[in-house]
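The values are calculated or read from the model by the stated rules, or taken from the named source; none is laboratory data. A quick note: this is a predicted structure, and the numbers were derived from the prediction, not measured. Cβ placement follows ideal geometry from the backbone for every residue including glycine, while neighbour counts extend to all protein chains displayed. Please note that ligands, DNA and RNA were not included when accessible areas were found on the heavy atoms of the full protein model with its side chains. Shrake-Rupley method; radii C 1.70, N 1.55, O 1.52, S 1.80 Å.
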There are 2 protein chains.
Amino acid sequence: MQARRARAQNLIVEVLAVGTELLLGQTVNSNAAEIGRRLAAAGLDHFHQAVVGDNLARAADAISRAMDRSDAVVLTGGLGPTQDDITREALCRAAGLTMEFSDEYAGRLRARWAARGREMPESNLRQAQHPAGAVLIPNPRGTAPGLRIRVGDTWIFALPGVTSEMQEMLDHQVVPFLLDESGRAGAVVHSRLLRTWGESESRVAELLGDLFDRSENPTLAFLASVGEIKVRLTARAASVEEAVGLIDPLEREIRKRLGPLIFGADAQTIEVTLAARLVERGWTLATAESITGGALANRITETTELSRFYRGGLVTPEVRSNGIGFELPLAETAERRLSPEESAVAMAREAASRLFADVGVAVTRAEESESSRREAGRVIFAVHSPEGARSTTLILPGDAERVRAYASTAALHLVARAVSRESRA
Amino acid sequence: MQARRARAQNLIVEVLAVGTELLLGQTVNSNAAEIGRRLAAAGLDHFHQAVVGDNLARAADAISRAMDRSDAVVLTGGLGPTQDDITREALCRAAGLTMEFSDEYAGRLRARWAARGREMPESNLRQAQHPAGAVLIPNPRGTAPGLRIRVGDTWIFALPGVTSEMQEMLDHQVVPFLLDESGRAGAVVHSRLLRTWGESESRVAELLGDLFDRSENPTLAFLASVGEIKVRLTARAASVEEAVGLIDPLEREIRKRLGPLIFGADAQTIEVTLAARLVERGWTLATAESITGGALANRITETTELSRFYRGGLVTPEVRSNGIGFELPLAETAERRLSPEESAVAMAREAASRLFADVGVAVTRAEESESSRREAGRVIFAVHSPEGARSTTLILPGDAERVRAYASTAALHLVARAVSRESRA
């Protein structure tokens, strides 16, 4: 309690997940990490996380404890339609509230099911229940609404356990509300994300080491994800403009040091960057993939901007597959003894011509014999464009699953470089 | 406390992770899940998990609270050599103990570094400190030893945050010790997971409602993930055989009620189930996907068993794409005015014939004009097999991203049903 009183002007937020599957280890509590990241970015204090099972008494007890020591409690999970979804009841018990029923939300639920041409099982009406005085937080991605309620001097939020639904409510409802409550709505935490590819995290950290040690506002952080290293600059200030003013000089210095390693900033993922370069050239893209088995096509089509320039793809589980587009080059391989690199180039060319695209990219493995674990990481990429073709061989880390992820990322970067007007490198 | 006294013969174990990186969401607390799995497998009760930052006062407070309500506390993290590794101090403060120093372990640390031909930074000697009365748990995989100490009537274990080191100690030291203490070495918790597809979670829960209310051992739980509803039966008994004996009758009743909705059990995912049915028929599979954009091929090739029967796939971002395999059916569509369902069937047939597979599956959208958000969920599936072809139209929930996920799951299930000898439905 001391801690709490002491910093009354900055809210202390606690996270409590409800779900036996978390205690049994059948699900990892990644929601808590997601929430932690967002609270940190918003500059809200966050000292405790807890997990309790689908047990009414223990859940109610955990909620009471959280209410005692924090100004706001974010509950996740237990809002579904089944009997083991007990968060609403636990909230009533902990706060000494009665359960009410929202005809209005019940109507929305029925309409939602009707829109899918199905009749709603009555049990779903549990989701229209809420502790007296709670405000329902709409759930655009699912059926279970979130809840917001004030108990004593504590704000309690109950969010669904489904990550995408939870994130949506957190970003658009909970965090803005808490910033407002903390009277720091004006104060902002602004970040710039610089995205790099082509060097290891330790190498990037080395190049920026002294900046990392010196920087307090903005702070520097490194985030690594399947081959891409992100450098995050985070400034706290009275306004976005002021924060940007603090970030800009440091960003210039970092860009000077990392140069072409940086391919995009903030929301400019490699997909978005590649789309922009394809627009510039007026080119379209086709894929031919073996070891990534559709992961590359999947990433391309998940990005609206990029999918516009995508003519389609060929997935063949094995290099020697006689799948469409591969008879020719593989025949060549056999007859004319093409090197693995040459047949990768042929795959890329075939994909482009058969799918009527300007640019073709191929992701493959040298030979089937190399599909052994030891060699799983050796991947051959080829890009065919109106300006010519080139192949690249990379040794990618990790097991088969990670290699798939690294390989599809690498393929997008290699295409982006081949399509770029600047670096022909 | 009541709960605790009530079941004195079965130990209640609590997990407390120490680490600010967890609160900031820079690290996901997968250790808690690892520990939870092991405690469940050992049949030890586990009702609470908590996370606290590298703050001495709050860590000590969290340890005291855990001691109050549990018979054993497993701490992870905060045992390293740096100033922010505060678990040892927090333990002393919570238990009112003084800190001691182990010359013997200090010697082992020095030897370890010497063996690597390096001189040990003095800061590492922090790792030779321990609360008075604690037993050091050797760490074969790292430098920080674990700790075991009895405080009042609670056993406390402090383990490193590094997963591999933590697991080693848990499996060989902590769990065996706790089973011994509980006098129940040999007791087990055994689960059976029944996997369903085709009905909503609320509908499945309705069909099993009375069973859910009645069942105490085994207990029933529902888990939902992109269209699949899992029913988990968990029994506690003296042996696996006995647990299975408790589960079997309930499972039979559930199978009677859910019938063909159940497609697999335990590790039998839909991919594994489909692979088994393809083996039985000696058939191979090819895909043609528009709105799933490679997600279906990706899921198939991610599963070793299933990828063996996969001849490849065609990805075309638009139904009207002139990509390989679609000229013909789309020409038909234009000339002979095929219905959306008929052209989906043509896509499936084309995929099978062009990729030399026995079975072809197509996932598409009725018309481009329907690519509007409202209609995003309306998906047409077609399966072509040696026994004929059929199309199915489903309205799937959520945004485009979720529709992709639901659609690739649905495609696998529709193929599995078409390939099954039993249900021709």
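For the reader, a short list of remarks on this structure follows.
- Copy-to-copy label distances for A:Gly96, where each label lies 7 Å from Cα along Cα-to-Cβ, are 3.3 nm in order of increasing length.
- Principal-axis analysis of the Cα atoms of chain B puts helix B:30-42 at an angle of about 90° to the longest axis.
- All lysines inside 19 Å of A:Lys230 as judged from Cα atoms, apart from same-chain residues fewer than 8 positions distant: A:Lys256
- Angle of helix A:340-354 to the longest C-alpha principal axis of chain A, folded into 0 to 90 degrees and rounded to 10: 80°.
- Base-10 log of normalised Debye intensity for the stretch A:188-265 (one unit scatterer per alpha-carbon) at q = 0.13, 0.17, 0.18, 0.21 Å⁻¹: -0.35, -0.59, -0.66, -0.88
- Accessible carbon and sulfur surface of the stretch A:165-281 relative to its total accessible area, %, 1.4 Å: 51
- Cβ-defined net charge surrounding B:Leu258, 13 Å radius [Lys, Arg +1; Asp, Glu -1]: +1
- Within the protein assembly as shown, helix-based [θ] at 222 nm, where runs of 4 or more DSSP H residues each add -39,500 (n - 2.57), nearest 500: -12000 deg cm²/dmol
- Interface size A-B, as summed buried accessible area [1.4 Å probe, Å², nearest 100]: 5300
- Nearest-ten-degree value, helix A:327-336 long axis tilted from longest Cα axis of chain A: 40
- Between the listed residues A:Leu44, A:Thr98, A:Thr143, the Cα displaced farthest toward the positive end of the dipole of the stretch A:2-182, a dipole computed from Cβ unit charges relative to the Cα centre, is found at A:Leu44.
- Computed with a 1.4 Å probe on the full set of protein chains, the accessible area for B:Tyr310 sits at about 10 Å².
- Centroid-to-centroid separation of the stretch A:383-399 and the stretch A:200-244 [C-alpha atoms, Å]: 30
- Listed residues A:Ala72, A:Pro176, A:Trp197: farthest to the positive end of the dipole of chain A (Cβ charges): A:Trp197
- Residues of the stretch B:40-72 that bury at least 40 Å² of accessible area when the other protein chains are present, relative to the chain alone (probe 1.4 Å, heavy atoms, ligands and nucleic acids excluded): B:Phe47, B:His48, B:Gln49, B:Val51, B:Arg58, B:Arg65.
- Across B:Arg118, B:Arg378, B:Arg236, mean-square fluctuation computed from a Gaussian network of chain B (C-alpha pairs under 10 Å connected) peaks at B:Arg118.
- Charge tally in the Cβ shell below 9 Å around A:Ala224, where Lys, Arg are +1 and Asp, Glu are -1, A:Ala224 excluded: -1
- Distance histogram in 10 Å bins (all Cα pairs of the stretch A:1-107, percent per bin): 14, 41, 33, 12, 0
- A:Glu21 accessible area, 1.4 Å probe, all protein chains in place, Å² to nearest 10: 50
- Compactness of chain B, expressed as Rg and Dmax over alpha-carbon positions, Å: 28.3, 88
- Per the Debye calculation on the stretch A:36-83 with a single equal scatterer at every Cα and no solvent contribution, log₁₀ I(q)/I(0) for q = 0.15 Å⁻¹ amounts to -0.48.
- Under 9 Å, Cβ to Cβ, from A:Ser391 - net charge with Lys/Arg +1 and Asp/Glu -1: -1
- Nm distances between copies for A:Glu216, ranked from closest, using label points 7 Å along Cα→Cβ: 6.1
- The residues of the stretch A:2-182 expose, per residue, 36 Å² of accessible area to a 1.4 Å probe.
- Inter-copy label distances for A:Gln167: 2.7 nm (label point placed 7 Å from Cα along Cα→Cβ; shortest first).
- Unit charges at the beta carbon, dipole of the protein assembly as shown: most positive-side option, A:Ala346, B:Thr154, B:Thr219: A:Ala346
- Taking the C-alpha atoms of the protein assembly as shown, convex hull volume expressed per residue in Å³: 186
- Where B:Asp71, B:Asp61 fall by accessible area, highest first, once all protein chains stay in place (1.4 Å): B:Asp61, B:Asp71
- In order along the stretch A:379-394, phi translates into HN-Hα couplings of 10, 10, 10, 9, 10, 10, 9, x, 9, x, 9, 8, 10, 9, 10, 10 Hz, rounded to whole numbers, per the Karplus curve 6.51 cos²θ - 1.76 cosθ + 1.60 with θ = phi - 60° and x for Gly and Pro.
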